[in-house]
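Worksheet for the structure shown next.
Read the figures in this text as sums done on the coordinates, not as results from a lab. The shown structure was predicted, so the numbers you read here are calculated from the model rather than taken from an experiment. Every residue, glycine among them, receives a Cβ derived from its backbone with ideal geometry; neighbour counts consider all protein chains shown.
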Amino acid sequence: MDVSTPNLWVVPLAALAAFLVGGLYYAPPLFGTVWQRLCGLTDEQVAGNRAAVFGGALVAAVIGALVLAFFIGGDAGVGFGALAGALVGVGWVTTSLVTTYLFERRPMALALIDGGYHAATYTVMGLLIGWLG
């Protein structure tokens, strides 16, 4: 890992990839309907205040991509980038969600759905950073 040479121009692209993955992942045919039910959200709640939700999510995605770019470094390659992203998504994010959801008494299916999204997102971001960084 060489934190001194991340290619920062790939960060916005990686962050936008998070939105594409999320749009597909949380669409009703995949996990959207089940996720909404497990969260206890109505259609009106999901539709409300989209600007704040998507704006906050974009800021979080940029920060996540930036930190991942520093972690991966500049000459990692596609394989290491994807592996590093997958390990971050599964090993750090998903396990953290599981711990939080256990204490909150939330359904483990929800932790796995949300964790799966982050695993997929960080894998794609890591792939892009490794490939283009």
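Can you show me the helix-derived [θ] at 222 nm for the chain, built from DSSP H runs with n ≥ 4 at -39,500 (n - 2.57) apiece and divided by the number of residues, rounded to the nearest 500.
One gets -23000 deg cm²/dmol as the mean residue ellipticity at 222 nm.
So which chymotrypsin sites (Phe, Trp or Tyr not before Pro) in the range 1-87 are both in a DSSP loop and have at most 15 other Cβ atoms within 10 Å of their Cβ?
Qualifying residues, ordered by number: Trp9.
For the chain, what's the relative contact order in percent, using C-alpha pairs closer than 8 Å and at least 6 residues apart?
Dividing the mean separation by the residue count of the chain yields 41 percent.
What's the long-distance tail for the range 54-113, i.e. % of Cα pairs beyond 17 Å?
Considering the range 54-113, 53 percent of its Cα-Cα pairs are separated by more than 17 Å.
Among the helices of the chain (complete DSSP H runs), which have Cα atoms covering no less than 24 Å along the helix axis and a Kyte-Doolittle mean of at least 0.0?
Span-like helices, by this rule, are 50-72, 108-132.
If you keep only loop residues by DSSP, which trypsin sites (Lys or Arg not before Pro) in the range 17-117 have at most 13 other Cβ atoms within 10 Å of their Cβ?
When the trypsin sites (Lys or Arg not before Pro) of the range 17-117 are filtered for loop state and at most 13 Cβ neighbours within 10 Å, Arg105 remain.
How far apart, in nm, are two points set 7 Å out from the Cα along the Cα-to-Cβ line at Val62 and at Leu87?
2.9 nm
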